[in-house]
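Each reported figure results from applying straightforward, stated rules to the coordinates on display, with no laboratory input. None of these values were measured; they are calculated from a predicted model. A quick note on method: Cβ atoms are made from the backbone with ideal geometry, for glycine too, and the neighbour counts reach across all protein chains shown.
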Amino acid sequence: MFLTDMDNANMLDEYLDKITKWLLDKCLAIITMLVFLFIAFKVAKLILKIIKRSFERSKLDSSVSGFLLSLIRIAVYSIIIIMAAAMVGFQVTSLVTILGTAGLAIGLALQGSLANFAGGVLILIMKPFKVGDYIVENDKKCEGTVESIDIFYTKLRTYDNKQIVIPNGNITNNSITNVTSNNCRMLDLSVNISYKQDIKEAKEVLTAMLEKSQYRLKDRDVTVFVDSLGESGIKLGVRCWVSIADYWNAKWEITENIKNTFDEHGIEIPYNQLDVHLDKNS
């Protein structure tokens, strides 16, 4: 059954009459709501400005303060709109119930994303690392320099210029190692010497070599010690402190200098050997 043009016109007039009647009945409530919205938005803007200044005085990180300010702004404006809707007769309880149900459904569907979101908030607030730090994620053994910290993901740049994207939920649920959190780092190396070598001489040679290194921090002592007695040699430990910026250059140079110094002093670095003895009687 099709509606004629006359029927359509009558239905439109009926809807317009209902809307006009509703507006006349709610005229005072609508005016009150508009006045309330005007005042409430002004007050909300003032409150947000005060909160922003307090964040600036507390020297909170700009990314954290901006994120928190956005959340507070959304919460304040949502409350104002719900209160305004209640003034003109909308069933606020039903609206809140619908929004809560929708929020729960969305939350269940996006559990992983919400975990990453919460992880991003924790990272920004607790600051276990910052952009520019070199970190190691101990679960999947991902490591690199922190390039950016986003709400859902953290991006690392590896030494060979690859990008690693790690969900923030993984970072906050597992341990991480912040390699560059301090200005200096201990360089810990080891080297084997033959059992026929003089341990005291080898330690003195290594100590002198370390003390001459350009990368060693002069205000820290060097340490050379017997680490263990292995099957094919005596394992010596070599430790000194270097700056974070010089760590890899120091490691490569000192490792090379150990070999050259031992060669100069005739100290043998043993390697695994197999001695075979034949029984003549057999």
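So the values come out like this:
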{"quantity": "Cα-Cα P(r), the range 209-275, percent of pairs per 10 Å interval", "calculated": "18, 45, 29, 7, 1"}
{"quantity": "Histogram of C-alpha separations across the range 128-178, 5 Å bin width, %", "calculated": "5, 23, 38, 27, 6, 0"}
{"quantity": "Relative contact order (%) - the range 184-264, alpha-carbon pairs under 8 angstrom, separation at least six", "calculated": "42 percent"}
{"quantity": "Highest to lowest packing among 263-272, 77-86, scored as the average C-beta count within 10 Å", "calculated": "77-86, 263-272"}
{"quantity": "Cut-off 11 Å between beta-carbons: net charge of the residues surrounding Arg216, Lys and Arg +1, Asp and Glu -1", "calculated": "-1"}
{"quantity": "Summed residue charge, Cβ within 14 Å of Tyr77's Cβ, Lys/Arg positive, Asp/Glu negative", "calculated": "+3"}
{"quantity": "Convex hull per residue volume in Å³, alpha carbons only, for the range 149-282", "calculated": "206 Å³"}
{"quantity": "Length added when fully stretched, Lys140-Leu71, from 0.36 nm per residue minus Cα-Cα", "calculated": "21.6 nm"}
